[in-house]
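Here's the structure, in structure tokens; my notes come after.
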Amino acid sequence: MWVMLATTTVDAVLAVAGAAVALAALCVIIHRRPESFPLLAIAALPFRLPISAEGRTVNLLIPLYLVVAAGTLVLLVPRIWRRREPAPRGLEWLLVATVGLYALQAAYSTDAAKAAENLAFFYVPFALLFVLLRDVRWTRGLLLSCLALAAGLAVVLAGVGFIEYGRKELSLTLRQARHVLSDRDRLVLHLRFVEDMTQSEIGKRIGVSQMQVSRILRAATERLRSELGDEAAALAAA
């Protein structure tokens with residue numbers, strides 16, 4: 001138990017240190033070349049990192065959050081401090097009202113944790129991203145560079161998907177998973193990892209308690225791991 005706790009703590013410290021280093025590097029890049037911000041945002045957008053907490057794993061846009069945080073520190077905070085940031089106007093007021101209304105509704109939500117998660121990891125970061133992109137000095141060259149980067153990423157990621165399909169790793173794993181898991185197990189995994197529902201929401205959907213959902217997830221994951229191996233189990237669960 002103490003070994004597991006120590007390992008978890010070390011991993012967390014390393015993750016925080018790595019994020020701090022990445023954030024500092026991004027701040028330096030954006031400070032020297034502000035026009036790099038939209039390119040960095042596009043480059044980070046497709047990538048998610050799995051984060052485990054409280055018995056669940058969520059895939060978060062950590063690279064994009066770091067880019068937005070760096071842009072906020074370098075570009076937005078100084079303008080606010082010097083009172084050079086213009087007041088919201090037009091569409092921006094609608095955006096502010098949307099975020100504020102959602103935050104108000106979150107206080108009355110039956111799933112406050114999920115509401116806070118949506119607010120912290122979706123509404124606020126993308127609202128900041130909008131404000132930062134609004135003030136970029138767009139040029140024809142920058143627009144073309146953004147388009148080329150987005151197209152290049154799309155081609156590369158599509159190619160990775162075709163390679164995986166060509167090797168038939170994905171289809172083989174899913175066929176094996178059908179024989180390993182029961183219908184209920186597959187349904188619970190689908191609701192959790194595809195529809196991103198919380199354990200409480202899944203329990204209400206299938207008529208069991210949150211604790212039972214947790215047990216089903218744990219048992220199904222262990223069954224997949226024992227039959228298919230760690231990597232294949234993660235792929236099938238996702």
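The values are calculated or read from the model by the stated rules, or taken from the named source; none is laboratory data. The structure displayed is predicted, hence computed values, not measured ones. Neighbour counts are summed over all protein chains in view; Cβ atoms, including those assigned to glycine, are modelled from backbone coordinates with ideal geometry.
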Can you tell me which residue in the stretch 126-158 is farthest from HIS31 (Cα to Cα), limited to those that are surrounded by 13 or more Cβ atoms within 10 Å (Cβ to Cβ) and among the small types (Gly, Ala, Ser)?
ALA150
Long-range neighbours under 6 Å by Cβ, at least six apart or interchain, first residue at pLDDT 90 or above within the stretch 124-148, second crowded, with 16+ Cβ neighbours inside 10 Å and not β-branched (Val, Ile, Thr):
CYS146/PRO38
Could you check, for the stretch 36-52, whether at least one of its residues is modelled with pLDDT of 85 or more and more than 21 Å from the chain's Cα centre (by Cα)?
yes
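For the stretch 159-166, does any single residue satisfy the condition of being at pLDDT 85 or above and surrounded by fewer than 14 Cβ atoms within 10 Å (Cβ to Cβ)?
yes
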Just to be sure I understand the filter: pairs with C-beta atoms under 6 Å, separated by 6 or more residues or on different chains, first member in the stretch 198-214 and free of Cβ contacts under 8 Å to residues at least 40 places away in the same chain and more than 14 Å from LYS114 (Cβ to Cβ), second member of a type in the set (S, T, N, Q) and surrounded by 17 or more Cβ atoms within 10 Å (Cβ to Cβ). Which pairs pass?
VAL213/GLN199
Boolean, THR98 is in the same structural domain as ALA69 (by TED's automatic domain parsing), of a type in the set (S, T, N, Q), farther than 18 Å from LEU45 by Cα and part of a helix (DSSP H, G or I)
yes
Could you say whether any residue in the stretch 170-187 is at pLDDT 85 or above, outside the structural domain of PRO34 (by TED's automatic domain parsing) and closer than 22 Å to ARG48 by Cβ?
no
I need a count of the residues in the stretch 188-219 that are modelled with pLDDT under 85 and more than 24 Å from the chain's Cα centre (by Cα).
1
